[in-house]
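The values are calculated or read from the model by the stated rules, or taken from the named source; none is laboratory data. Since the structure is predicted, the reported quantities are computational estimates derived from the model, not experimental observations. Glycine gets a Cβ as well: all are built from the backbone with ideal geometry, and neighbour counts include every protein chain shown. Please note that ligands, DNA and RNA were not included when accessible areas were found on the heavy atoms of the full protein model with its side chains. Shrake-Rupley method; radii C 1.70, N 1.55, O 1.52, S 1.80 Å.
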Amino acid sequence: MTTPGAKLKKRTLMVTHSSRALNGSISGLHQVNHSSRHTGSNVSRKGLSMAGDSRSTIQTPRQTVRVLNENGTDVTPQPISHPEPGAKHNRVYLDEFSGPSDILSMLYQPTTAASLTVPFSRSVFCSSKISRSSLSTIESVNEERVDTFYKQDNYPASYVQVEREEVKEQVTEDMLNEVVNIYLTETETITHLDMPGISVSVDADDAEAIKERNNRYAELCKNRMGNDKYMDRSMQAFIGASKSKQVQCDSIVMVDTACEATTWDMYDSFYGAEQDKTELTAEPEKSGYSESIVNSSRGPEKTTSLLSTTSIATSASSSQREIETGMCSDDAADPRLILQSEKFQKVLLVMERCILANIFQPKLAAYRQLPIVEDCDSVVTPETMEHREEDVERSLSPTLESLWVFSCELTKGRTISCMAWNKKNPDLLAVGYGEFDFRDQTPGLVCCWSLKNPTWPERVYHCNTGVTSLDFSAKHPYRLAVGMTDGTIAIYYVYSQDKTCAVSSSKCSKKHYSSTWQVKWAEQDMGLSGDDKEEALMSISADGRISKWFLHDDLDCVELMRLKRMQEEKDEMETEVKDKKKKGEILRSLNAGFCFDFHPVDSSIYLAGSIDGTIYKCSSSNSQQFLETYSQHFGPVTRIKWCPFNPNVFLSCSLDWTIKLWIQDQLTPLLCLTSTQKQVHDIMWSPKWATVFGAINEGQMKIWNLDYSTLDPVIVHMAAPGVKMTSLLFALQTDCVLVGDNSGQVTVYQIKNFTVGEGNQVDTLESIISSAVARL
Amino acid sequence: MASEVEETLKRIEGQRGVVGTVVCNADGIPIRSSLDGVATAQYARLLRKLTVMAKSAVRDIDPQNDLTFLRLRSQKCEIMVGLENEFLVIVIQNLHQ
């Protein structure tokens, strides 16, 4: 046996010896061998003796190769495992077989008893001793123990077979039952290619030397030409035969895409997710449909919107793209859900108002005192031209021009009993419908109309009995107080669409048991100081009581005043002297109250008008006595109104055909105005001029100007035949008047050509009053 | 609720000068219309395009803003479109008697 070292050196030779038959391919093998050896690390192949020695030769340690690195240290890789001497079987560690080259090289290695087990049952040999389980095909094999069984004739195939099976069996019995620990470690870094750079840093140690070399080389090149030291000589290099080869690839499909990011697109992508969350938490009860809409329209993946913006940007958008644009593309949206959603209602509301604004635009413009712009697109026919000319030629005397009418099917045939403006929203009008005739017990109606929609009320409230009086609260503008013919008082909250009243006085024990003729919200001093004012609801009714209502959970009232009949008091005073006093109190009936009004400045003082024509001036702090009594009317006093400009003056009208102007302290009226012999139902001071007021007879509406004449009204407007006017209301900021009649219509009139002096005429009123006083 | 919506729609359709109304869903497919099929499809398609552009314009200027209503006034009529995320309401009204 040759020495191990010699063995290795002669490995190639031995190969040739043993395998003469394969001479032809040996060179290839050589190369293979060489190639397999020309790796970074070394292979510790164990040299296998050629002679058919016993296996013991194989067992000897075969450190034939010694690897020395630059510094001369021995860096020979050590084998992983050392087989026990005498072990019968050699295991083949196949983890780093790298394919046929290795196998072939091993095949031809000289060995006595070497038979090559089929190296493809890799998975079988996963014994715990193997520390390298990487089955990489790295060619270099760091450590492997290759005990190969060379298939020779000496060894019958059966033997090999048996061995293999045995080995296998071993694995199956033991290996499957025990826990296998597999340790994964890194191999050392295997460098396939190392090309160190040729540039050196200026700061390196040997930079100087390198610079020197570079300079010398540069000089050399310079001196090369014509220098005898250097001679040109040609060399021939091998040029390989070239061959052209064609390659064809699949055709490249080109697609044009474009994208445009709009500002809102980016905003949605950023904030869409956040808004998503807040929307979902804020409206958890919204139907799933709308939520999914929100999700899909604000999802972070905006591929559809990208497509959409493209189609918007490029004007050549196909109809297909159209469908995916902009808004959410949830096709599964139920049409019925859309139609029932709140948003739909809102949009319809706005839409209706827009349409009506188109229709009523000139009228509304006149109401709001805007210049009426002529429609330039309208077709001008000769007839319209005639109309216009007529308009211009009309008389310039003060008249009322009808602008529009608030009416709808619901209100047809009903009598309007009262009207009130909302204190906060001057466009909102509440109208109460109820019969004056006590015997007529048709259910009443309250409608809240908006100026923007004269064809349908915004709110409709059905009441059990006729409505007699309405008032909006000033402090809480959504509260509407309604007085009815059966004495109940109800408060409606108009902000919601709820059709039911919020509070009713029907359960109150002290409620009115006869018709409530007027309700009013008034501020009352609650505390000792004058600043503490609370708004309370006052009512006057036909049972002769004036009550003040408090709204807590339910309406509860406090009696402010009882309207005692003055006549009976006088009688009693006379008879009091007699001994009738001892017979006890005589029950006397109370005077039915018809109307009242609170003083504009000092709201604790109020005037109440009664059915026998007496006007009582009372104070809310004194519930026993009247401050004053004015009894100059002969019929029921239907309306009392303080003058908004002069705190001492008030007007009263009654069914005795007269309107009387009073000063607070005088028991006789200053002026008594009668124009026709008809009952006066309603009066109201003009909010604009101190000397102007309006009055309603049964068939006429009159506007009086005290400055102009105290005998005749300035404007007299006749109602349509068969129609009785019942209620009057001045518009607060414009010079329009609303008149309600008994056919269910509220007509809005504009006062035209009405000239009053400058300012609000307070001085004029003063002078009139003083002159009237002087005459008395 | 649904009956009120129906009533409101009927009132709108009965107002003076109103030619017709179309309600479409978000994709421009008409849900309900008072016009014939051809006209409905035409209005829905054309106005959808327009509203998308208008909405894009409004939101480009201020992404927190959104388009709610669009009115197109022409010589003969006015087209009003009420917008929401989920639907469109189109009303056509003639302006002169």
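Give the residues of region B:21-41 that are open to solvent by less than 20 Å² (accessible area, probe 1.4 Å) and under 19 Å from B:C77 (Cα atoms), sorted by residue number.
Of everything in region B:21-41, those that are open to solvent by less than 20 Å² (accessible area, probe 1.4 Å) and under 19 Å from B:C77 (Cα atoms) turn out to be B:T21, B:V22, B:V23, B:T40.
Residue by residue, here is whether (1) within 8 Å of chain A (Cβ to nearest Cβ); (2) touching a Phe, Trp or Tyr at 6+ places or on another chain (Cβ under 7 Å); (3) at pLDDT 90 or above holds:
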| site | (1), (2), (3) |
| --- | --- |
| B:R16 | yes, no, no |
| B:V22 | no, yes, yes |
| B:A39 | no, no, yes |
| B:Q42 | no, no, yes |
| B:M53 | yes, no, yes |
| B:S74 | no, no, yes |
| B:E86 | yes, no, no |
| B:V89 | yes, no, yes |
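Restricting attention to region A:204-222, does a residue exist that is part of a loop (DSSP other than H, G, I, E, B) and either touching a residue at least 60 places away in the same chain (Cβ under 8 Å) or open to solvent by less than 100 Å² (accessible area, probe 1.4 Å) (or both)?
yes
Of the numbered conditions (1) out of contact with any strand residue (DSSP E or B) (no Cβ under 6 Å at 6 or more places or on another chain); (2) surrounded by 15 or more Cβ atoms within 10 Å (Cβ to Cβ), A:T674 fails exactly one; give the number of that condition.
(2)
What residue, among those in region A:338-371 that are away from chain B (no Cβ under 13 Å) and without any contact (Cβ under 8 Å) to a residue 12 or more places away in the chain, is surrounded by the fewest Cβ atoms within 10 Å (Cβ to Cβ)?
Only one residue fits best here, namely A:P371.
Among A:K452, A:K423, which is surrounded by 15 or more Cβ atoms within 10 Å (Cβ to Cβ) and within 14 Å of another protein chain (Cβ to nearest Cβ)?
Every option except A:K452 fails the conditions.
Here are the criteria: (1) under 17 Å from A:Q340 (Cα atoms); (2) more than 9 Å from chain A (Cβ to nearest Cβ). Tell me which single one B:I12 does not satisfy.
(2)
Test B:Q93 against the stated conditions and say whether it is touching an Asp or Glu at 6+ places or on another chain (Cβ under 9 Å), farther than 19 Å from B:I12 by Cβ and facing another protein chain (nearest Cβ under 7 Å).
no
Only one of A:S506, A:S469, A:S473 is more than 14 Å from chain B (Cβ to nearest Cβ), polar (S, T, N, Q) and farther than 30 Å from A:L364 by Cα; which?
Details: A:S469 fails: farther than 30 Å from A:L364 by Cα; A:S473 fails: farther than 30 Å from A:L364 by Cα.
Checking each option against the conditions leaves just A:S506.
Of the numbered conditions (1) of a type in the set (V, I, T); (2) more than 7 Å from chain A (Cβ to nearest Cβ); (3) surrounded by 14 or more Cβ atoms within 10 Å (Cβ to Cβ), B:I61 fails exactly one; give the number of that condition.
(3) is the only condition that B:I61 fails.
Looking at A:T485, A:T500, which one is polar (S, T, N, Q) and buried (at least 18 other Cβ atoms within 10 Å of the Cβ)?
Criteria check complete, one pass: A:T485.
Would region B:81-94 turn up any residue that is on the phi < 0 side of the Ramachandran plot and loosely packed, with under 13 Cβ neighbours inside 10 Å?
Applying the first criterion (on the phi < 0 side of the Ramachandran plot) to region B:81-94 yields B:81-94.
Filter once more, so that each one left must be loosely packed, with under 13 Cβ neighbours inside 10 Å: none.
Scanning region B:81-94 turns up no residue that is on the phi < 0 side of the Ramachandran plot and loosely packed, with under 13 Cβ neighbours inside 10 Å.
If only one of A:E534, A:E523 is assigned to a strand (DSSP E or B), without any contact (Cβ under 8 Å) to a residue 60 or more places away in the chain and either surrounded by fewer than 16 Cβ atoms within 10 Å (Cβ to Cβ) or acidic (D, E) (or both), which one is it?
From the options A:E534, A:E523, the qualifying one is A:E534.
For the subset of region A:629-640 comprising residues that are touching a residue at least 40 places away in the same chain (Cβ under 8 Å) and open to solvent by less than 50 Å² (accessible area, probe 1.4 Å), which member is nearest to A:A690 (Cα to Cα)?
A:I640
If you go through region B:1-20, how many residues are surrounded by 15 or more Cβ atoms within 10 Å (Cβ to Cβ) and touching a Lys or Arg at 6+ places or on another chain (Cβ under 9 Å)?
Residues that pass the stated criteria total 1.
Restricting to region A:700-714, give me the number of residues that are modelled with pLDDT under 85 and over 15 Å from A:K660 (Cα atoms).
Residues that pass the stated criteria total 3.
Checking A:N464 against (1) over 30 Å from B:L9 (Cβ atoms); (2) within 36 Å of the chain's Cα centre (by Cα); (3) of a type in the set (S, T, N, Q), only one condition comes out false. Which one?
In the conditions (1) over 30 Å from B:L9 (Cβ atoms); (2) within 36 Å of the chain's Cα centre (by Cα); (3) of a type in the set (S, T, N, Q), A:N464 misses (2) alone.
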